[in-house]
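Read-outs throughout are calculated quantities, based only on the coordinates presented, and are distinct from any laboratory measurement. Small disclaimer: the values here were computed from a predicted structure and weren't measured. When we count neighbours, we look across all protein chains shown, and the Cβ atoms used for this are built from the backbone with ideal geometry, even at glycine.
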Amino acid sequence: MKRFVILIILIAFVTVGCAGTNKVRWTKPDFRQDQFDKDREDCIQAVKDDPEQKMTVEECLAKKGYESEPEPPSDKEKSKTVKIAKTVGAVLLVTGAVALYIAAGVAVFGFFAIIGGM
């Protein structure tokens, strides 16, 4: 039973962990989308041209003055996250109730076993 509860909790954490967004937004004080697109293409080409440099596109953009920040989730993503959180909460609630029910049954059975053995 203990393994079952641990498995359910692990599944819940993995599910919630996968619900997050991996999108980033690049900003710069004088940000212009056309300039960013050009700088990004330059960085992609630089990484391809010199693989021994061990620089990523993100590092190249940072050297050009850009900063990355997580993109705020859309309303659709927020709704999906809320649904997942509610589902995980319900699973954990049911799992806890089942574990409590089993523990209570074991305690009552143990109590009657002790009384009966007297």
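Numbers at a glance
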{"item": "Packing-based order for 88-96, 24-32, using average beta carbon neighbours within 10 Å, highest first", "result": "88-96, 24-32"}
{"item": "log₁₀ of I(q)/I(0) at q = 0.15, 0.20, 0.32 Å⁻¹ - the range 23-72, Debye sum with one point per alpha carbon", "result": "-0.39, -0.67, -1.25"}
{"item": "Too-long pairs where the Cα-Cα distance tops 19 Å, listed order kept, from LYS28/LYS76; LYS28/LYS63; LYS23/LYS80; LYS28/LYS64; LYS23/LYS76; LYS38/LYS63", "result": "LYS28/LYS76"}
